[in-house]
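J.: Structure provided below as structure tokens; questions to follow.
The values are calculated or read from the model by the stated rules, or taken from the named source; none is laboratory data. Computed from a prediction, not measured in an experiment: that's the story for all the values here. Glycine gets a Cβ as well: all are built from the backbone with ideal geometry, and neighbour counts include every protein chain shown.
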Amino acid sequence: MVDSAGTGTGASAGGGWKAFLLVFFPVMLMLVWLSFAASEWQKDVRVRSVAVDGAQLVSSAAVAKGLGRWKGKNIHDVDTSAVSGRVAGMAWVKHVRVGQELNGVLRVVVRERVPLAEVFFGGERFVMDSEGVLLPPPAGFGTRVQGLVKVSGIPSPSLRERGFLRVDRKSLGLVKSFSEALSGVPDAAILVRELHLEGSNESWFSVAGDPARFIVGNDGDFKEKLEKFGIFWQSVISKKGYGCYRVVDLRFRDRVFTTDAATAP
């Protein structure tokens with residue numbers, strides 16, 4: 001009885017192993033085949049499209065068009081450094097990252113330069129970025145980027161970055177400081193038209209519709225001077241009218257010095 005039961009148990013166990021092996025080996029073979037097929041498929045993925053992320057000032061269509069030569073190529077054969085170099089040469093592109101996706105998408109992620117001011121130099125119009133690089137205005141700039149201060153009087157740039165002119169550090173610092181101060185004084189920001197850089201602490205700005213030069217100098221404290229300008233505008237010019245002054249000097253802490261339009265040299 002015992003021997004018969006033991007023999008039956010052994011036969012049952014042997015049959016279980018056979019059933020397991022009959023299922024296991026086909027599954028393993030299928031997995032190996034799928035792995036091989038997937039590996040072969042990945043090797044033959046072709047670039048079918050270019051996706052551009054992060055582009056606002058830069059034209060996504062222009063980026064994709066410039067990379068058209070890579071379409072149809074094996075995605076693993078694409079030299080990502082060559083792709084990055086091509087895109088990085090475009091104005092307003094600061095940094096590029098390129099990714100290859102197994103669905104055939106060549107993904108380009110761009111980080112753009114930050115516009116700081118409009119600059120008039122050598123009879124041409126440029127846009128200065130936050131690092132002082134002078135770049136051509138991007139397409140549709142007037143409607144896509146607003147509120148930048150206009151700047152003239154920039155000394156002739158001698159520095160270059162990737163083929164673009166770059167202003168000197170002192171000029172960049174003045175424009176940055178003035179722009180930051182202007183953003184903190186909304187009443188003045190509505191009125192100020194243009195900042196003109198001058199040496200010897202004589203930089204000044206102008207207001208639309210008024211010929212006066214409002215001198216703020218080159219030594220900072222622009223927010224305080226712009227606030228003083230706002231008070232002077234409301235309390236004096238708005239009452240006397242436009243064109244009364246040729247020069248309004250805002251450089252002194254407790255006083256505003258003026259030169260009447262009629263007596264200015």
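J.: Do you know which residues across the range 75-102 are surrounded by 14 or more Cβ atoms within 10 Å (Cβ to Cβ) and of a type in the set (S, T, N, Q)?
T.: THR80, SER84, GLN100
J.: Another question about this same structure. If I go through the range 53-74 residue by residue, how many of them are basic (Lys, Arg) and either touching a His at 6+ places or on another chain (Cβ under 8 Å) or crowded, with 17+ Cβ neighbours inside 10 Å (or both)?
T.: Number of matching residues: 0.
J.: Just to verify a result, which residue in the range 138-179, among those that are modelled with pLDDT of 90 or more and in contact with a Lys or Arg (Cβ under 8 Å, 6 or more places away or on another chain), is surrounded by the fewest Cβ atoms within 10 Å (Cβ to Cβ)?
T.: Applying the filter and picking the extreme gives LYS150.
J.: Considering only the range 161-221, give the strands (runs of 3 or more DSSP E) lying wholly within it that have at least 2 residues that are in the same structural domain as VAL119 (by TED's automatic domain parsing) and touching a Pro at 6+ places or on another chain (Cβ under 9 Å).
T.: Those strands (runs of 3 or more DSSP E) span 164-166.
J.: Inspect all residues belonging to the range 85-101 and state whether any of them is at pLDDT 90 or above, within 30 Å of LEU191 (Cα to Cα) and either of a type in the set (Lys, Arg) or not in a loop (DSSP other than H, G, I, E, B) (or both).
T.: Scanning the range 85-101 turns up no residue that is at pLDDT 90 or above, within 30 Å of LEU191 (Cα to Cα) and either of a type in the set (Lys, Arg) or not in a loop (DSSP other than H, G, I, E, B) (or both).
J.: Another question about this same structure. So, in the range 140-198, of the ones that are of a type in the set (Val, Ile, Thr) and in contact (Cβ under 8 Å) with a residue 24 or more places away in the chain, which residue ends up farthest from GLU124 (Cα to Cα)?
T.: VAL185
J.: Follow-up. Need the failing condition index for LEU197 against (1) of a type in the set (A, V, I, L, M); (2) exposed (fewer than 14 other Cβ atoms within 10 Å of the Cβ); (3) under 30 Å from the mean Cα position of the chain (by Cα), just the number.
T.: The number of the failed condition is (2).
J.: Condition (residue is more than 18 Å from the chain's Cα centre (by Cα), at pLDDT below 90, outside any helix (DSSP H, G or I) and more than 26 Å from LYS94 (Cβ to Cβ)) applied to the range 22-43: is it met by at least one residue? Even if it seems obvious, please write down each step before you answer.
T.: At the first step, the residues of the range 22-43 found to be more than 18 Å from the chain's Cα centre (by Cα) are 22-43.
Next cut, at pLDDT below 90 only: 22-43.
Cutting the leftovers down to outside any helix (DSSP H, G or I) gives us none.
No, because not a single residue in the range 22-43 is more than 18 Å from the chain's Cα centre (by Cα), at pLDDT below 90, outside any helix (DSSP H, G or I) and more than 26 Å from LYS94 (Cβ to Cβ).
J.: Here is a further query. Can you name every residue in the range 240-254 that is within 39 Å of the chain's Cα centre (by Cα), charged (D, E, K, R) and more than 16 Å from VAL207 (Cα to Cα)?
T.: ARG251, ARG253
Each row is one residue, and each column tells you yes or no for (1) out of contact with any Cys (no Cβ under 6 Å at 6 or more places or on another chain); (2) outside the structural domain of LYS150 (by TED's automatic domain parsing); (3) of a type in the set (A, V, I, L, M, F, W, C).
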position: GLY72; (1), (2), (3): yes, yes, no
position: ASP79; (1), (2), (3): yes, yes, no
position: SER84; (1), (2), (3): yes, yes, no
position: VAL87; (1), (2), (3): yes, yes, yes
position: TRP92; (1), (2), (3): yes, yes, yes
position: ARG97; (1), (2), (3): yes, yes, no
position: ARG107; (1), (2), (3): yes, yes, no
position: PHE120; (1), (2), (3): yes, no, yes
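J.: Quick one: in the range 210-256, which of the residues that are modelled with pLDDT under 85 and out of contact with any strand residue (DSSP E or B) (no Cβ under 9 Å at 6 or more places or on another chain) is surrounded by the fewest Cβ atoms within 10 Å (Cβ to Cβ)?
T.: It comes out as ASP254.
J.: In this structure, does THR259 turn out to be in contact with a Lys or Arg (Cβ under 8 Å, 6 or more places away or on another chain), at pLDDT below 90 and assigned to a loop (DSSP other than H, G, I, E, B)?
T.: no
J.: Out of all the residues in the range 108-137, which are surrounded by 15 or more Cβ atoms within 10 Å (Cβ to Cβ) and more than 15 Å from the chain's Cα centre (by Cα)?
T.: Answer for the range 108-137, where residues must be surrounded by 15 or more Cβ atoms within 10 Å (Cβ to Cβ) and more than 15 Å from the chain's Cα centre (by Cα): GLU118, VAL119, PHE120, PHE121, PHE126.
J.: Any residue in the range 136-148 that is touching a Leu at 6+ places or on another chain (Cβ under 7 Å) and part of a strand (DSSP E or B)?
T.: Looking for residues that are touching a Leu at 6+ places or on another chain (Cβ under 7 Å) and part of a strand (DSSP E or B), one finds none in the range 136-148, hence no.
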